[in-house]
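**Q** So that we are looking at the same thing, I have put the structure below in structure tokens.
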Amino acid sequence: MDLGELIPILGIVFVIGVPVTALAAHFVLRPMVRDITESILALRGGASPDIHRRLTELEEGQRLIDRRLESLIEADRFHHTLDSGDAT
């Protein structure tokens with residue numbers, strides 16, 4: 001392979017191969033970099049509003065589960081009282 005054949009091959013690689021590789025890397029790495037950036041900001045205390053919203057929803061869900069659990073415990077106590085015949 002002489003220099004005359006190598007120049008067109010290198011030209012094709014640089015004109016087509018490098019941009020295609022850069023675009024592929026951009027689309028693959030962009031979500032990962034965004035997630036890492038959001039994690040770093042959250043650690044610094046600059047959490048995004050989405051995180052605050054999701055945390056609020058989780059807290060509300062936990063309160064709802066606690067209320068339902070208390071209702072189930074109270075119903076279970078009531079059934080035990082009925083089964084035992086103690087009316088206090």
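**Q** Within the stretch 1-19, track down each residue that is open to solvent by 90 Å² or more (accessible area, probe 1.4 Å) and either in a helix (DSSP H, G or I) or touching a residue at least 60 places away in the same chain (Cβ under 8 Å) (or both).
**A** Once the filter is applied, which keeps residues that are open to solvent by 90 Å² or more (accessible area, probe 1.4 Å) and either in a helix (DSSP H, G or I) or touching a residue at least 60 places away in the same chain (Cβ under 8 Å) (or both), the stretch 1-19 yields Leu3, Glu5, Ile7, Ile12, Phe14, Val15, Ile16.
**Q** List the number of the failed condition for Gly45; all other conditions in (1) on the phi < 0 side of the Ramachandran plot; (2) within 22 Å of the chain's Cα centre (by Cα) hold.
**A** So Gly45 meets the others, but not (1).
**Q** Another question about this same structure. Is it the case, given these coordinates, that Glu59 is under 18 Å from the mean Cα position of the chain (by Cα), surrounded by 10 or more Cβ atoms within 10 Å (Cβ to Cβ) and at pLDDT 90 or above?
**A** yes
**Q** For residues in the stretch 5-42 being modelled with pLDDT of 85 or more and of a type in the set (Asp, Glu), which is nearest to the chain's Cα centre (by Cα)?
**A** Here the residue is Asp35.
**Q** Separate question: Which pairs have Cβ atoms under 9 Å, sit 6 or more apart or on different chains, and link a residue in the stretch 28-44 that is open to solvent by 90 Å² or more (accessible area, probe 1.4 Å) to one that is of a type in the set (Val, Ile, Thr)?
**A** Within 9 Å, the pairs are Glu38/Ile51.
The values are calculated or read from the model by the stated rules, or taken from the named source; none is laboratory data. Predicted, not measured: the structure shown is a model, and the values here were computed from it. Ideal geometry is used to build each Cβ from the backbone, glycine not excepted, and the neighbour counts take in all protein chains shown. For accessibility, only protein heavy atoms count, side chains too; no ligands or nucleic acids. Shrake-Rupley method; radii C 1.70, N 1.55, O 1.52, S 1.80 Å.
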